[in-house]
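Participant: Dropping a structure here in structure tokens format, bear with me for questions.
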Amino acid sequence: MQRTIRVVTYHLSHAGHRHNALNDMTPLVLTFVSHFGEMGSRWGINRTVGQIYALLFVTERPLNADEIGELLGISRSNVSIGLKELQSWGLVRQSRIVGDRREYFSSLGDVWEIFRVVAAERRRREVAPTLSVLRESLLAKPTSPEDQFAQQRMRDMHELVDLANTWFDDLQRLSPESLAQLMKMGTQVQKLLNAKDKLLGGGRPKARAASRQDET
């Protein structure tokens, strides 16, 4: 049975250069790995990190650092840095093989689990600090009309971010099956919301907005 990816060993050519191990990946795998490398910078991660993760994601068995470096044609130090970054995100598993002192790495198996881990880590790194700054800013006493206006804008932002944060907590509690079903509902959710507004009275949001305007 032909293997999707062949683990190869380093060897030097007559010119003294390292063998280009990217040629030992199938075109299908190579395209996927290369794409993740290109997209890495747009997602805020290093190109090498994206390639390492993509390789582990489509490889059936765990790989050690030497094999990863050989397949991607990158240095051992870059592999180590990339693996540490992926471990900090919780996106790779580490394991050992009996009789082998090397560490082996694999990606999380379930795509929904990957989605949860990435979303949770992005919230920890990006949303939580933003909420903290907004809360501190709203507790400060405004000393000028400019500060009052700024705080109102911050309050609006805090309400939105906090609502999204609460919604994320609710999503995290759903099973993969329920989460998939929710995402497949698509425009049906909007139809339900529109129906709810008609039942409760569509003029209420406008009335509240007018009331706020009168108070100011």
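Participant: Quick check: anything in segment 138-161 aliphatic (A, V, I, L, M), closer than 15 Å to Ala120 by Cα and open to solvent by less than 80 Å² (accessible area, probe 1.4 Å)?
Facilitator: The first filter runs over segment 138-161 and keeps only residues aliphatic (A, V, I, L, M), leaving 138-140, 150, 154, 157, 160-161.
With the extra rule that they be closer than 15 Å to Ala120 by Cα, the set shrinks to 161.
With open to solvent by less than 80 Å² (accessible area, probe 1.4 Å) added as a condition, the list becomes 161.
Yes: one or more hits.
Participant: Quick check: is even one residue across segment 84-104 in a loop (DSSP other than H, G, I, E, B), surrounded by 10 or more Cβ atoms within 10 Å (Cβ to Cβ) and not acidic (Asp, Glu)?
Facilitator: For segment 84-104, residues in a loop (DSSP other than H, G, I, E, B), surrounded by 10 or more Cβ atoms within 10 Å (Cβ to Cβ) and not acidic (Asp, Glu): present.
Participant: Go through the residues of segment 173-180 one by one and say whether even a single one is assigned to a helix (DSSP H, G or I) and surrounded by 15 or more Cβ atoms within 10 Å (Cβ to Cβ).
Facilitator: Going through segment 173-180, the residues assigned to a helix (DSSP H, G or I) turn out to be 176-180.
With surrounded by 15 or more Cβ atoms within 10 Å (Cβ to Cβ) added as a condition, the list becomes 179.
Yes: one or more hits.
Participant: Quick one: is Arg173 within 30 Å of Glu113 (Cβ to Cβ), of a type in the set (Lys, Arg) and touching a residue at least 24 places away in the same chain (Cβ under 8 Å)?
Facilitator: Considered against the rule, which asks whether it is within 30 Å of Glu113 (Cβ to Cβ), of a type in the set (Lys, Arg) and touching a residue at least 24 places away in the same chain (Cβ under 8 Å), Arg173 comes out as no.
Participant: Could you please find all residues in segment 99-110 being out of contact with any helix residue (DSSP H, G or I) (no Cβ under 9 Å at 6 or more places or on another chain) and at negative phi? Can you show your working first?
Facilitator: To start, the set of residues in segment 99-110 that are out of contact with any helix residue (DSSP H, G or I) (no Cβ under 9 Å at 6 or more places or on another chain) comprises 99-101, 109.
Within segment 99-110, Asp100, Arg101, Gly109 qualify.
Participant: Residues that are open to solvent by 90 Å² or more (accessible area, probe 1.4 Å) and touching a strand residue (DSSP E or B) at 6+ places or on another chain (Cβ under 9 Å): does segment 48-57 have at least one?
Facilitator: First, the residues of segment 48-57 that are open to solvent by 90 Å² or more (accessible area, probe 1.4 Å): none.
Checking segment 48-57: not a single residue is open to solvent by 90 Å² or more (accessible area, probe 1.4 Å) and touching a strand residue (DSSP E or B) at 6+ places or on another chain (Cβ under 9 Å).
Participant: What's the number of the only condition in (1) part of a strand (DSSP E or B); (2) open to solvent by less than 40 Å² (accessible area, probe 1.4 Å); (3) of a type outside the set (Ser, Thr, Tyr) that Glu67 fails to meet?
Facilitator: With (1) part of a strand (DSSP E or B); (2) open to solvent by less than 40 Å² (accessible area, probe 1.4 Å); (3) of a type outside the set (Ser, Thr, Tyr) applied to Glu67, the lone miss is (1).
Participant: Taking Leu134 as meeting all but one of (1) open to solvent by 50 Å² or more (accessible area, probe 1.4 Å); (2) assigned to a helix (DSSP H, G or I); (3) closer than 27 Å to Trp89 by Cβ, write down the number of the exception.
Facilitator: Condition not satisfied by Leu134: (1).
Participant: Could you list all residues from segment 76-100 that are hydroxyl-bearing (Ser, Thr, Tyr) and over 21 Å from Arg61 (Cβ atoms)?
Facilitator: Step one: filter segment 76-100 for residues hydroxyl-bearing (Ser, Thr, Tyr), giving 77, 80, 88, 95.
Selection gives Ser77, Ser88.
The values are calculated or read from the model by the stated rules, or taken from the named source; none is laboratory data. Computed from a predicted model, the values in this text were never measured in an experiment. A quick note on method: Cβ atoms are made from the backbone with ideal geometry, for glycine too, and the neighbour counts reach across all protein chains shown. Surface accessibility is based on the protein's heavy atoms, side chains included, excluding ligands, DNA and RNA. Shrake-Rupley method; radii C 1.70, N 1.55, O 1.52, S 1.80 Å.
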